[in-house]
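Have a look at the structure below, then the notes.
Values quoted throughout were computed directly from the atomic coordinates according to the rules given, and no laboratory measurement underlies them. None of the values given here were measured: they were computed from a predicted structure. When we count neighbours, we look across all protein chains shown, and the Cβ atoms used for this are built from the backbone with ideal geometry, even at glycine.
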Amino acid sequence: MPTIYILWLRQLKRYLRSTPRLIGSLGQPVLFLVALGFGFGPIYQKAGGGNYLQFLAPGIIGMAILFMAVFMGIELIWDRQFGFLKETMVAPVPRWQIMFGRTMGGATVATMQGVAVLLISFSAGFRPDTWLGIVPAVGLMFLIALMFTALGTAIASKMQDMHGFQLIMNFLIMPIFFLSGALFPLDNLPSAIGTITRFNPMSYGVDGLRWALINSSHFGPLQDFAVLTGATVVFVGIGSYLFSKIEV
């Protein structure tokens, strides 16, 4: 297990050294939080939904984690192109340990991104239903981050260069986000959209964060946790298998 710890620490240090990148990655979540939170807030309130910022903030936190987690997985392509991956792969350890160490490091960074957006949301006026809810919220953030970092690793294991990254963003990551209920309630949706949201693991991540932070849940916390855990195990398994077949 020391290999997993070393790779986790290496991935973490590598990202934290790039301060502009760390700050820049907060731009999109903050824009969504401020523009949508204050822009659609009056409309949402007139419709009887209450404070839209309270509803929106957990979804934007989930968005920040999703984008960062997948990007940390896709970073595998850069490592392959510049030879960093080959240096790691020659280590006399099972490849699943290398994959899991990288995934843990990426998930930690993505969780930190989620915590940063949570802190920023406080300055925008968001307040959790109970401050103790932040503890399970951080745990759910890490579970979401682990799941999607593993998914990013699985995708990157089958890609040779970054040209297909935009395709992944447009046809996979953006639909996962927009159809997760991050921006709108999941009640009374058209049947087709409702079915998609139920099969979207991100829906349960956002719902779990809302349960922890504002005591509001569509699926229920037990179902949220069960689906997230199951999907994480599946994605880590798929990512480990595809990573073990990678050629450098």
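Tabulated values for the structure
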read-out	value
Sorted peptide list for 45-56, 123-134, 101-112, 61-72, criterion being average Cβ within 10 angstrom, highest first	61-72, 101-112, 45-56, 123-134
Shape of the range 82-239, Cα gyration tensor, a/c cut at 1.5	prolate
